[in-house]
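The values are calculated or read from the model by the stated rules, or taken from the named source; none is laboratory data. What you are looking at is a predicted structure, and each value in this text was computed from that prediction instead of being measured. No Cβ is skipped: glycine too gets one built from the backbone with ideal geometry, and neighbour counts run over all protein chains shown. Heavy atoms of the whole protein, side chains included, go into the accessibility calculation; ligands, DNA and RNA do not. Shrake-Rupley method; radii C 1.70, N 1.55, O 1.52, S 1.80 Å.
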Amino acid sequence: MYLLYVPKNVLASTPFLKHLGTLILIYGPCFPIAYAWIRRRKWGRYLLIAYNGLWFADMSYAFVARMINYSESHLSLVVTAFLSILIVLGSLIVFASQKDVRALMSR
């Protein structure tokens with residue numbers, strides 16, 4: 001639906017193609033991860049750990065970079081947002097690393 005409403009002259013522009021490539025890079029692995037978890041494939045667990053590990057590293061870097069250049073008026077908002085994201089990503093990695101999940105996804 002997103003591509004249907006974009007004017008045709010914008011579809012071939014470099015900024016739009018970069019934007020589309022970024023979206024595919026970010027959201028593309030979610031479909032194989034979901035398929036593997038539904039079908040209980042072993043490689044899906046590894047893909048989930050790798051994907052969320054990369055996001056965890058990227059968000060940690062963004063958090064540290066933001067803290068270096070922070071403004072004190074928004075400090076609590078920045079800390080709360082980044083720490084909540086890191087907690088969610090870390091909990092998914094811990095969940096996928098549990099023995100029960102490993103045994104369940106042994107195909």
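Once segment 27-85 is narrowed to residues that are in contact with a helix residue (DSSP H, G or I) (Cβ under 6 Å, 6 or more places away or on another chain) and among the β-branched types (Val, Ile, Thr), the residue that is modelled with the lowest pLDDT is Val78. Residue count for segment 35-69 satisfying the condition of being more than 19 Å from Arg102 (Cα to Cα), open to solvent by 100 Å² or more (accessible area, probe 1.4 Å) and in a helix (DSSP H, G or I): 3. Contact map, segment 5-34: first residue open to solvent by less than 50 Å² (accessible area, probe 1.4 Å), second residue modelled with pLDDT under 90 and outside any helix (DSSP H, G or I), Cβ cut-off under 9 Å, separation 6 or more or different chains; pairs are Phe16/Val6; Leu20/Tyr2; Leu20/Leu3.
In segment 80-107, of all residues being open to solvent by less than 40 Å² (accessible area, probe 1.4 Å) and over 18 Å from the mean Cα position of the chain (by Cα), the one that is farthest from Trp43 (Cα to Cα) corresponds to Val101.
In segment 61-107, which residue that is among the charged types (D, E, K, R) and in contact (Cβ under 8 Å) with a residue 12 or more places away in the chain is farthest from Ala50 (Cα to Cα)?
Here the residue is Arg66.
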